[in-house]
Amino acid sequence: MIRPRRPRRHAAGAILVALLCVVTGCGTATTAGAPATSSPVTTGPTTEPTTSASETPRSQPACATPAAGFDCDFQQRFAAVAAYLKGRPGVAGVVVRDRRTGAVWRTGATDTAMWTESTIKLAMTVDLFLRDRAGKISLTSADRGLIQKMLHSSDDAAADALWSKYSGADHKAFNRDFGEYGMTSLVPQRGYTSTFPYWGFQKCTPDDLDRLVNYVLDKLPADTRQYIVDQLSDVDADQQWGVWAAGPAANPGNKDGWGPEDDGWVMNTVGWAGPGQRYTLTVMNELRGHGGEEDGRATDSHVAELLFAGRFP
């Protein structure tokens, strides 16, 4: 059930801105409506300052008006990301969330529906484990092996097998649940398969993926959450880009999704960085014929570098 319209692959310096410590025009930072978070999966600092002892923000001028919940170092990084994206091909939306303070920064097309590519495999994993826990399905050892392949190497054949087995007679079982995990704007699309809905033809917004990854980290049962964190913190080489480019000091984990659509390449990444998975990052990037796979991978990865490189000792 690989999408037949094209060959498929698997799954699929910072600008100094002392005048722009507040990222007006470059993005938005908010704290309103931020949910309380659960304890991080990996042991992290428990103090409350925005910058913890395990983070090393760069030397910086004092912020005239600090952005809600983010220190001056992050404000400079945000402005650098916004400036960088203006020169990149295609359309991108970026969401950064501080799970400790609830602060959120967004820039670009964060409310624009884009192809999910294989990032939706993370939502499939959540749904399968929760349905199994509720006794609605009974995952076999073979099923669990397929889930591991979806997460580790973004295996399409594994996703096909699980969708075929657990999407129900009307193929809507997954989609009926996805909204519960924060993907409230997700819409299945008609594609080149007889199956509808199908995991490979779905669109969501960067805000949807932001809510999904924070559902994973904040609301899943501890053992399920730990399994997903472990898997996405040790992904195959084909997913070591995007959030992964935050660097080893950031202890990143990510689920990437990529592929050529009818109107061009789509390159997405969603995951976390920092001690205790403190920060989550979502980047959705539709090239729309103005660049290729490597351009999109470079964009996603450099965004993560600008945000997190040198932030953690």
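Details
- For Asp71, the solvent-accessible surface with a 1.4 Å probe is about 30 Å², rounded to the nearest 10.
- Carbon/sulfur fraction of accessible area - region 92-132, other protein chains in place, 1.4 Å, %: 43 percent
- Neighbour net charge for Leu128 - beta-carbon separation under 11 angstrom, K R +1, D E -1: +2
- The distance from the alpha carbon centre of region 236-291 to that of region 141-181 is 20 Å, rounded to a whole number.
- Surrounding net charge for Gly257, when Lys and Arg each add one and Asp and Glu each subtract one, Cβ distance under 9 Å: 0
- Solvent exposure of region 178-267 as accessible area per residue, Å², 1.4 Å probe: 35 Å²
- Shape category assigned to region 147-190 from the gyration tensor of Cα positions, a/c cut at 1.5: oblate
- Taking all protein chains together and rolling a 1.4 Å probe, Trp163 ends up with roughly 0 Å² accessible.
- Rounded if a/c under 1.5, otherwise prolate or oblate - region 76-119, Cα gyration tensor axes: oblate
- With every protein chain in place, region 140-254: carbon and sulfur % of accessible area (1.4 Å): 49 percent
- Averaged per residue, region 66-110 has 25 square angstrom of accessible surface, using a 1.4 angstrom probe with ligands and nucleic acids left out.
- Whether region 68-215 is rounded, prolate or oblate, judged on the alpha carbon gyration tensor where a/c under 1.5 counts as rounded: prolate
- Solvent exposure ordering (accessible area, 1.4 Å, most first) of Val187, Val229: Val187, Val229
- Qualifying lysines (Cα of each under 21 Å from Cα of Lys219; at least 8 residues distant if same chain): Lys121, Lys136, Lys255
- The alpha-carbon atoms of region 140-270, seen along their principal axes, cover 45, 37, 26 angstrom, with the largest extent given first.
- For the set Cys72, Cys204, the ranking by accessible area, highest first and with no ligand, DNA or RNA atoms included, is Cys72, Cys204 under a 1.4 Å probe.
The values are calculated or read from the model by the stated rules, or taken from the named source; none is laboratory data. As the structure is a computational prediction, the values presented were derived from the model and not from experiment. Glycine also receives a Cβ, built like all others from the backbone with ideal geometry; neighbour counts cover every protein chain displayed. Only protein heavy atoms, including side chains, enter the accessible area calculation; ligands, DNA and RNA are left aside. Shrake-Rupley method; radii C 1.70, N 1.55, O 1.52, S 1.80 Å.
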